[in-house]
Amino acid sequence: MPVEHSSQLLKGVLDMCLLAIIDEEPSYGYEMVTKLQDRGLHLVSEGSIYPLLSRLQRQGLIDGYFVESTGGPPRKYYRIEHTGRERLKEWTLEWDDLTSGVKEVLNGGGDET
Amino acid sequence: MEVEMKHEADVETVVAECVTYWTSTAVPRRATKEMQAELTAHLHDAVAEGKTPSTVVGPDVRSFAESWASAYRDPRTVPQEGTATAATRLPWWVAVGAIALVTAGALAIERKKDMDDIGIQIAFWAVTAVALAIGEIFTAGFFLISFAAGAGVAAALAASGVNEPIQILVFLVVSVIGLVWTRQYALQTRPPLIPVGADRYVGQEGVVERAISRHSAGRVRVGSEDWRAVTDSTETFDVDAAVTVVAIRGTSLVVEGNE
């Protein structure tokens, strides 16, 4: 079940990934999913981003606004707030620490060259 | 094309099911509207690319709806009992202070015999009433408004020639009654304390259906429903163990052993 495991891992860092995507440029849900997929990150269910987006918005890290779309229902775009940018910086540092620790553990720690 | 048509119909069904769930679990109406619009747009995009609605919402529409709704009941961001009622629990000395201040003002006027003029008494109470009413606008919790009402009644008494001590007494009585009454009102209009949605499971006991440990999620039966469950405890809960739900995380119950 390699797919299942990697998507479980992704679940834990999804909010961080969404924040990073929104930091690049304002985006809407479906576009974010596409951007994740383009980078090889597959979600079990695409809709799982929405609870996270709502939380990020309620925490004031991102802001949501509706934009009329051509030939379809209006789309809700999100843009990053100042506090969101700060939080992303913190999370990125934490993530770097975590991954370097995990790498060490996976390499067995003993035979460092 | 036929497949796409069918999926379009599914989109409506999925959206309707979510909206029903959100409406019935006390998600604010505005949030529901926005979530509905956002979900509809996403589903249309997905279907246009030949995907099924279930790639968006997963196999269980209700648990998807719940996980999204729970973002609006997040204890860190949704005002709960403590914060919502903070404004209604003003310290008692604020009330005593306000009463003392106004009474002192009224007594000062009464002492000065040369100012024993109905016009001045009316003006005093009227200005006090207006000042307190304006103060009410800038403070939370229906507090100063009771004193404003007291002062208003006293102004009316002054105008009808009732003497000063009676005015003060009536001001005090009306203010205190108003205060007690608005306190009760504030308690009644508190956000409902009855847990809604998944929160109703918190505190309930359940039986383990599939073993749970810190490292692996399992399943718990609460009442007649079967839920995915996780634990932060170091214990492992085997099948048939009795556990208590302590929180909801995403669509999983967080459980602990029964003490």
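Of the residues making up the range B:8-42, those that are within 9 Å of chain A (Cβ to nearest Cβ), buried (at least 22 other Cβ atoms within 10 Å of the Cβ) and either within 21 Å of the chain's Cα centre (by Cα) or touching a residue at least 24 places away in the same chain (Cβ under 8 Å) (or both) are B:Met35, B:Leu39.
Whether any residue in the range A:71-85 is within 14 Å of chain B (Cβ to nearest Cβ), part of a helix (DSSP H, G or I) and modelled with pLDDT of 90 or more is what I want to check. Yes, the conditions are met somewhere in the range A:71-85.
For the range A:38-70, a residue qualifies if it is more than 11 Å from chain B (Cβ to nearest Cβ) and either polar (S, T, N, Q) or in a helix (DSSP H, G or I) (or both), and the qualifying residues are A:Asp38, A:Thr70. Scanning the range B:153-178 for residues being part of a loop (DSSP other than H, G, I, E, B) and among the hydrophobic types (A, V, I, L, M, F, W, C) gives a total of 1.
Of the strands (runs of 3 or more DSSP E) that lie entirely inside the range B:201-259, those containing 2 or more residues that are among the basic types (Lys, Arg) and either over 26 Å from the mean Cα position of the chain (by Cα) or more than 14 Å from chain A (Cβ to nearest Cβ) (or both) span B:218-222.
Close contacts from the range B:152-163, counting a first residue that is closer than 20 Å to B:Leu132 by Cβ and a second that is of a type in the set (Phe, Trp, Tyr) and buried (at least 21 other Cβ atoms within 10 Å of the Cβ), with Cβ to Cβ under 6 Å and a gap of 6+ residues or different chains, come to B:Ala154/B:Trp125; B:Ala154/B:Phe171; B:Ala155/B:Trp125; B:Ala158/B:Trp125. What are the residues in the range A:53-67 that are out of contact with any strand residue (DSSP E or B) (no Cβ under 8 Å at 6 or more places or on another chain) and crowded, with 21+ Cβ neighbours inside 10 Å, if any? The one that is out of contact with any strand residue (DSSP E or B) (no Cβ under 8 Å at 6 or more places or on another chain) and crowded, with 21+ Cβ neighbours inside 10 Å: A:Ser54. Taking the criterion of being among the charged types (D, E, K, R), surrounded by 15 or more Cβ atoms within 10 Å (Cβ to Cβ) and within 24 Å of B:Val47 (Cβ to Cβ), the residues of the range A:19-41 that qualify are A:Glu31, A:Lys35.
The values are calculated or read from the model by the stated rules, or taken from the named source; none is laboratory data. Computed from a prediction, not measured in an experiment: that's the story for all the values here. Backbone-built Cβ (ideal geometry, glycine too); neighbour counts: all protein chains shown.
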